[in-house]
Number of protein chains: 2
Amino acid sequence: MHSAEHDLVVVKLGGSVITEKDRPETLDGPALSAAADAIAAARGDGAAGRLAIVHGGGSFGHHHASRHGVTTEHGTHDAGAALSIHGAMTTLNRFVLSRLHDRDVPALPVHPLSVAARDADGSLSCSLEQVDAMLAEGFVPVLHGDGVAHRGEGITVLSGDELVCRLADGLDADRVGVCSTVPGVLDGDGAVIPEITAFEDVADALGESESTDVSGGMAGKVRELLALSAPAHVFGPDDLPAFLRGESPGTRID
Amino acid sequence: MHSAEHDLVVVKLGGSVITEKDRPETLDGPALSAAADAIAAARGDGAAGRLAIVHGGGSFGHHHASRHGVTTEHGTHDAGAALSIHGAMTTLNRFVLSRLHDRDVPALPVHPLSVAARDADGSLSCSLEQVDAMLAEGFVPVLHGDGVAHRGEGITVLSGDELVCRLADGLDADRVGVCSTVPGVLDGDGAVIPEITAFEDVADALGESESTDVSGGMAGKVRELLALSAPAHVFGPDDLPAFLRGESPGTRID
């Protein structure tokens, strides 16, 4: 049987999962604790191998980004605005680290504003040598959506989803998990689609065509996850333990 | 006359300058404000060109590093210990950023733990694309001594002095300034040596031979600054405005 001991798993904790999305800078404490429990349990029984975590912004980052009109494409040259976005995300990151440390998970922060950059055409560079070294030393790096220096735009938004893809490809991940508020990618009737192998198969159900999807959302997420070499899973919070045990909950995208 | 408009200046604010070194996690508020005043004034009159700042740890980082026995060579695998060092440095960094923002200097944090790594032989890798992009967009990146993932050691210390050298070489800086508690490199009689062009000329005065200097200190600093392509200056806090105006206070090392 395939040993998972040295496998690399990249897992995204959605911002909507770990925060109260409608109330500025409000944690969903029970949801974050449950996620931290699942991560600690998976490490405890050795099932998780090497693990890198990315979390979204939820009511921390999005609130400040939208207040300052900052998106992934439109930036700010106001250092105060950039720092308010980054500072809120750093605060959320510290909550995540704290819950993990409480459960003896050796988590360390990696703040993307400190490492990533975008060219004038928007393409991302993000050195991962530090993440790789942390993993090799037994730590669990925890990244997050953040601001990023973007040539010609100042500081734009770098989403957690974009980071998940960069980590998965850059570190040759074995499995990718996206823990969302929904139990998987849903079809037109609200049922979980068990497997997606091509975007065309689900384009109608997702209600967006390739040409009009600029918003991200589930259609964009599915397209990005299809482009990865590693199999990805989209699932809800209740299925995080199963995913970390090596099972295939929610929607498998490969 | 040479225009300084596009010049890149890298300046180090010593940890002993901006903190009360003998009292754990205590800022030297007036000294930090004076340094921020000098930086804001230099930017206001256009003399400073592009500016990258590095600050040391002083009573913030050193206290935690020494409590956990962490040095540049001996690391920890305790994520809590690593985070206590990093967290203290992040706190100090936020004080520095805040004083700069108060004076309309568009400073942004770059936390080295998030970007740098050391190989098993101790050699440092540190991508600088994000610093370069921030500078190009008119921001003032502010780095600091920090922890760093080090293969085989866990997390070791990355000193502000090492970062100054990495920035100066990696970004082809035009001038380097090291603002220290002393007014320059001192000879055996306590007088400032105006210029150093070779280590042998000052080895006796610095009281250390090349083979026995493992502690860093002024001798190590001088040797590292001599190895840079850019001219460097070591000076005291009172001379920071003169350095930023393009003058040559303290000891010139070239």
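Which of the following residues is at pLDDT 95 or above, within 24 Å of A:F235 (Cα to Cα) and in contact with a strand residue (DSSP E or B) (Cβ under 9 Å, 6 or more places away or on another chain): A:L92, A:L124? Walk me through how you get there before you give the answer.
Details: A:L124 fails: within 24 Å of A:F235 (Cα to Cα).
None of the other options fit; the residue is A:L92.
Could you tell me which numbered condition B:I53 fails, if it satisfies all but one of (1) closer than 29 Å to A:A116 by Cβ; (2) in contact (Cβ under 8 Å) with a residue 12 or more places away in the chain; (3) over 19 Å from the mean Cα position of the chain (by Cα)?
B:I53 satisfies every listed condition except (3).
Conditions first: (1) within 30 Å of A:E129 (Cα to Cα); (2) touching a Ser or Thr at 6+ places or on another chain (Cβ under 9 Å); (3) buried (at least 16 other Cβ atoms within 10 Å of the Cβ); (4) in contact (Cβ under 8 Å) with a residue 40 or more places away in the chain. B:F235 passes all but one, so which condition is the exception?
(1)
Here's the yes/no breakdown for (1) modelled with pLDDT of 95 or more; (2) touching a His at 6+ places or on another chain (Cβ under 8 Å):
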site	(1), (2)
A:A38	yes, no
A:R43	no, no
A:L51	yes, no
A:H55	yes, yes
A:H62	no, no
A:R67	no, no
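With the condition kept exactly as written, say whether any residue in segment A:79-90 is under 23 Å from A:D174 (Cβ atoms) and not polar (S, T, N, Q).
Within segment A:79-90, the first condition is being under 23 Å from A:D174 (Cβ atoms), and the residues that meet it are none.
The answer is no, given that none of the residues of segment A:79-90 is under 23 Å from A:D174 (Cβ atoms) and not polar (S, T, N, Q).
Could we say that A:P241 is modelled with pLDDT of 95 or more and either open to solvent by less than 50 Å² (accessible area, probe 1.4 Å) or not in a loop (DSSP other than H, G, I, E, B) (or both) here? Break it down into steps so the answer makes sense when it comes.
Numbers: modelled with pLDDT of 95 or more: yes; either open to solvent by less than 50 Å² (accessible area, probe 1.4 Å) or not in a loop (DSSP other than H, G, I, E, B) (or both): yes.
Here the answer is yes, as A:P241 does meet what is asked.
Tally up the residues in segment B:104-113 that are more than 15 Å from the chain's Cα centre (by Cα), within 7 Å of chain A (Cβ to nearest Cβ) and part of a loop (DSSP other than H, G, I, E, B), please.
Of the residues in segment B:104-113, 1 are more than 15 Å from the chain's Cα centre (by Cα), within 7 Å of chain A (Cβ to nearest Cβ) and part of a loop (DSSP other than H, G, I, E, B).
A:F95: open to solvent by 50 Å² or more (accessible area, probe 1.4 Å) and not charged (D, E, K, R), yes or no?
Values: open to solvent by 50 Å² or more (accessible area, probe 1.4 Å): yes; not charged (D, E, K, R): yes.
Yes; evaluated as a whole, the condition is true for this residue.
Could you run through segment B:185-208 and say how many residues are out of contact with any helix residue (DSSP H, G or I) (no Cβ under 7 Å at 6 or more places or on another chain), of a type outside the set (V, I, T) and open to solvent by 30 Å² or more (accessible area, probe 1.4 Å)? Reasoning before the result, please.
First pass over segment B:185-208, keeping only residues out of contact with any helix residue (DSSP H, G or I) (no Cβ under 7 Å at 6 or more places or on another chain): B:186, B:189-192, B:194-195, B:197-198, B:200-201, B:203-205, B:207.
Retained after the next criterion (residues that are of a type outside the set (V, I, T)): B:186, B:189-191, B:194-195, B:198, B:200-201, B:203-205, B:207.
From the residues that got through so far, the ones that are open to solvent by 30 Å² or more (accessible area, probe 1.4 Å) too are B:186, B:189-191, B:194-195, B:200-201, B:204-205, B:207.
Here the count works out to 11.
Tell me which residues, restricted to segment A:160-172, are assigned to a helix (DSSP H, G or I) and surrounded by fewer than 17 Cβ atoms within 10 Å (Cβ to Cβ). First the steps, then the outcome.
Taking segment A:160-172 and keeping what is assigned to a helix (DSSP H, G or I), we get A:160-170.
Scanning segment A:160-172 gives A:D169, A:G170.
Being in contact with a Leu (Cβ under 9 Å, 6 or more places away or on another chain) and open to solvent by 30 Å² or more (accessible area, probe 1.4 Å) narrows it down to one of A:R50, A:R23, so name that one.
Numbers: A:R23 fails: in contact with a Leu (Cβ under 9 Å, 6 or more places away or on another chain).
Answer to the check: A:R50.
Among the numbered criteria (1) part of a helix (DSSP H, G or I); (2) among the small types (G, A, S); (3) closer than 21 Å to B:S84 by Cβ, which one does B:G69 miss?
(1)
Matching residues to (1) part of a loop (DSSP other than H, G, I, E, B); (2) out of contact with any strand residue (DSSP E or B) (no Cβ under 7 Å at 6 or more places or on another chain); (3) of a type in the set (V, I, T):
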| site | (1), (2), (3) |
| --- | --- |
| A:V17 | no, no, yes |
| A:D22 | yes, yes, no |
| A:A35 | no, no, no |
| A:A38 | no, yes, no |
| A:I53 | no, no, yes |
| A:S59 | no, no, no |
| A:H62 | no, yes, no |
| A:E73 | yes, no, no |
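With the checklist (1) open to solvent by less than 30 Å² (accessible area, probe 1.4 Å); (2) touching a residue at least 60 places away in the same chain (Cβ under 8 Å); (3) within 11 Å of chain A (Cβ to nearest Cβ) in hand, flag the one item B:G87 doesn't pass.
For B:G87, the failing item is (2).
Considering only residues of segment B:114-155 that are more than 7 Å from every other protein chain (Cβ to nearest Cβ) and in a helix (DSSP H, G or I), which is surrounded by the most Cβ atoms within 10 Å (Cβ to Cβ)?
Per the criteria, the residue is B:V131.
For A:H77, which of the numbered conditions (1) more than 8 Å from chain B (Cβ to nearest Cβ); (2) closer than 26 Å to A:P24 by Cα; (3) surrounded by fewer than 21 Cβ atoms within 10 Å (Cβ to Cβ) fails to hold?
(1)
If you scan segment A:173-197, which residues turn out to be charged (D, E, K, R) and in a strand (DSSP E or B)? Before the answer, list the steps.
We begin by selecting, within segment A:173-197, every residue charged (D, E, K, R); these are A:174-175, A:187, A:189, A:195.
Hits for segment A:173-197 are A:R175, A:E195.
The values are calculated or read from the model by the stated rules, or taken from the named source; none is laboratory data. Just so you know, these numbers come straight off a predicted model, no measurement behind them. All Cβ positions, even for glycine, are placed from backbone atoms using ideal geometry, and neighbour counts span all protein chains on display. These area figures cover heavy atoms from the full protein model, side chains too; ligands, DNA and RNA do not enter into them. Shrake-Rupley method; radii C 1.70, N 1.55, O 1.52, S 1.80 Å.
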